[in-house]
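Let me begin by presenting the structure, written as structure tokens, before commenting on it.
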Amino acid sequence: MNIKTTLYRANILHFPVATLTPDTQAVMFDDGALVVANQKIIALGHYNDISRQYSKVNTVDYRGRLLVPGLIDSHLHYPQTEMIAQYGKQLLAWLQNYTFPTENKFESVEYCEHIANIFIRQLIDNGTTTALAFSTVHKQSVDALFTAASSLNMSFVTGKVCMDRHCPEYLQDTPASAQSDSDELIARWHGKGRNLYALTPRFAPTSSSAQLAALSELAQQYPDVFVQTHLSENAHEVEWVRSLYPEHSSYLDVYANFNMVRKRAVFGHCLHLSEDEWSQLAESGATAAFCPTSNLFLGSGLFDIQAAKRHQVNIALATDVGAGTTFNMLRTYGEAYKVSQLKHAPISPLEGLYMMTQGPAQAYDLADSIGNLNPGTYADFIILDPHFNSLSQLRIKQLNNASDILFALSLIGDDRAIEATYIAGNQQKISMEKSHVLA
Ligand code: GUN
Ligand code: ZN
């Protein structure tokens with residue numbers, strides 16, 4: 001069989017191993033080469049060395065551009081794509097007034113498919129190649145999203161939202177239906193191609209303890225299935241959980257009681273945690289998803305990066321669209337940087353890149369397939385163009401290292417800075433400007 005092999009020449013940056021100190025563990029090739037065959041990366045190194053080994057293969061020249069692993073968005077909501085940037089409310093009123101009515105539309109299979117395709121396109125345009133996304137309570141919303149992701153052979157995680165109270169009746173399931181529907185979806189999608197399933201109780205206020213107990217059975221039955229939910233986002237929400245679950249010592253303890261605090265459990269927000277909750281998160285191997293644009297937009301609070309680092313909790317950056325205000329993970333890092341400045345612990349550009357690539361890949365036990373550019377992993381990578389507009393051109397002239405360039409693109413960049421997105425070796429984004437040149 002004739003396997004097509006391609007060499008990509010660029011300035012290359014990634015983290016080959018797990019680390020607590022990304023600033024010293026990044027590997028950079030100023031004139032690098034990445035070789036791809038049969039969906040996977042087969043070689044990485046200096047162009048001079050690699051091009052000698054692969055002298056006969058097709059070469060794509062991205063000199064002057066930065067090649068990094070495809071980005072991982074660890075928490076967002078695909079049904080909320082159309083309600084991004086909705087003015088005026090904090091979490092609980094925002095859910096009631098805007099979110100629940102929007103999610104009701106996903107009763108329709110056609111609507112699920114329509115929004116799933118728009119959502120996947122937004123991810124790709126912004127350089128995100130893996131996402132952990134919430135669907136709605138409807139099974140068909142999960143089917144539509146996995147189907148759209150599978151058509152591009154994307155590595156993808158989603159799950160049916162489970163909620164049986166404190167939301168409109170038209171969105172409520174039951175303990176039994178949440179369990180049987182989730183079980184059916186696990187059988188259909190988990191481990192099929194690059195898809196992985198996530199048990200998805202929306203958050204403790206919308207699940208009765210009977211429902212969490214039903215999901216706990218699945219969590220124990222399927223130890224490699226993800227769990228995704230919300231934790232300690234808004235002060236009123238935290239109070240509410242205390243009154244709904246008075247027998248539990250903390251908000252996190254509610255989830256722990258139902259076997260949901262573990263590796264591959266991803267908790268959105270984590271803004272108002274006690275020291276004990278941080279320790280419990282760390283010990284369990286679970287992940288805190290830091291969603292800065294959402295936290296600022298809903299006025300929820302500032303993520304305590306010092307506490308998260310002190311406890312060595314896995315931290316993943318995430319957009320949380322539609323409370324988050326951008327699909328762009330680099331912009332999301334830019335906002336995380338501003339929040340961390342207010343917390344007197346600025347997150348460096350390399351730490352930021354780690355929190356959207358190798359960091360979450362390691363936390364989810366997926367680093368043998370995503371999150372880095374090691375040979376053997378899937379060829380999910382993106383090309384960043386530091387010269388995408390006149391301001392960036394002016395700014396980039398003053399900079400000479402990848403970390404500073406990444407930083408500038410995170411503050412002044414947008415989707416135009418993502419020149420190309422490759423998923424399993426196939427180019428899924430060609431920037432408008434370049435496609436004109438090619439045409
Ligand atoms: N808490 C429960 N549901 C949601 C949601 O959809 N978005 C956010 N930001 N927080 C939540
Ligand atoms: Zn969320």
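The values are calculated or read from the model by the stated rules, or taken from the named source; none is laboratory data. It should be emphasised that the depicted structure is a prediction, and the values quoted were computed from it without experimental measurement. Heads up, the Cβs are rebuilt from the backbone with ideal geometry, glycines too, and the neighbour counts pull from every protein chain shown.
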Any hit, the range 334-348, residues being in contact (Cβ under 8 Å) with a residue 24 or more places away in the chain and within 15 Å of the chain's Cα centre (by Cα)
yes
Conditions: (1) of a type outside the set (D, E, K, R); (2) crowded, with 19+ Cβ neighbours inside 10 Å; (3) touching a helix residue (DSSP H, G or I) at 6+ places or on another chain (Cβ under 6 Å). Ala345 meets all but one. Number of the miss?
(2)
Among the candidates Asp61, Asp73, Asp30, residue that is within 16 Å of ligand 2 (Cβ to nearest atom), touching a strand residue (DSSP E or B) at 6+ places or on another chain (Cβ under 8 Å) and assigned to a strand (DSSP E or B):
Asp73
Subset of the range 304-323, residues over 17 Å from Leu353 (Cβ atoms), surrounded by 18 or more Cβ atoms within 10 Å (Cβ to Cβ) and either touching a residue at least 60 places away in the same chain (Cβ under 8 Å) or under 17 Å from the mean Cα position of the chain (by Cα) (or both), comes to Val313, Asp320, Val321, Gly322, Ala323
Checked the range 79-94 for anything part of a loop (DSSP other than H, G, I, E, B) and over 12 Å from Ala323 (Cβ atoms); matches are Tyr87, Gly88
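What do you reckon, is Thr326 within 16 Å of ligand 2 (Cβ to nearest atom) and part of a loop (DSSP other than H, G, I, E, B)? Talk me through it step by step, then tell me what you get.
Details: within 16 Å of ligand 2 (Cβ to nearest atom): yes; part of a loop (DSSP other than H, G, I, E, B): yes.
It is true that Thr326 is within 16 Å of ligand 2 (Cβ to nearest atom) and part of a loop (DSSP other than H, G, I, E, B).
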Given (1) more than 27 Å from Ile383 (Cβ to Cβ); (2) surrounded by fewer than 24 Cβ atoms within 10 Å (Cβ to Cβ), number of the condition Thr326 does not satisfy:
(1)
Would you be able to say whether some residue in the range 120-130 is crowded, with 17+ Cβ neighbours inside 10 Å, touching a residue at least 12 places away in the same chain (Cβ under 8 Å) and within 16 Å of ligand 1 (Cβ to nearest atom)?
no
Of the residues that make up the range 135-149, is at least one in contact with a His (Cβ under 9 Å, 6 or more places away or on another chain), part of a helix (DSSP H, G or I) and modelled with pLDDT of 95 or more?
yes
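How many residues does the range 272-316 hold that are on the phi > 0 side of the Ramachandran plot and not small (Gly, Ala, Ser)?
Matching residues across the range 272-316 total 1.
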Considering only residues that are within 16 Å of ligand 2 (Cβ to nearest atom), of a type outside the set (A, V, I, L, M) and over 14 Å from Asn126 (Cβ atoms), which ones fall in the range 289-319?
Phe290, Cys291, Pro292, Ser294, Asn295, Phe297, Gly299, Ser300, Gly301, Phe303
Positions within the range 296-323 being of a type in the set (S, T, N, Q) and either in contact with a Gly (Cβ under 6 Å, 6 or more places away or on another chain) or part of a loop (DSSP other than H, G, I, E, B) (or both), in sequence order
Ser300, Gln312, Thr319
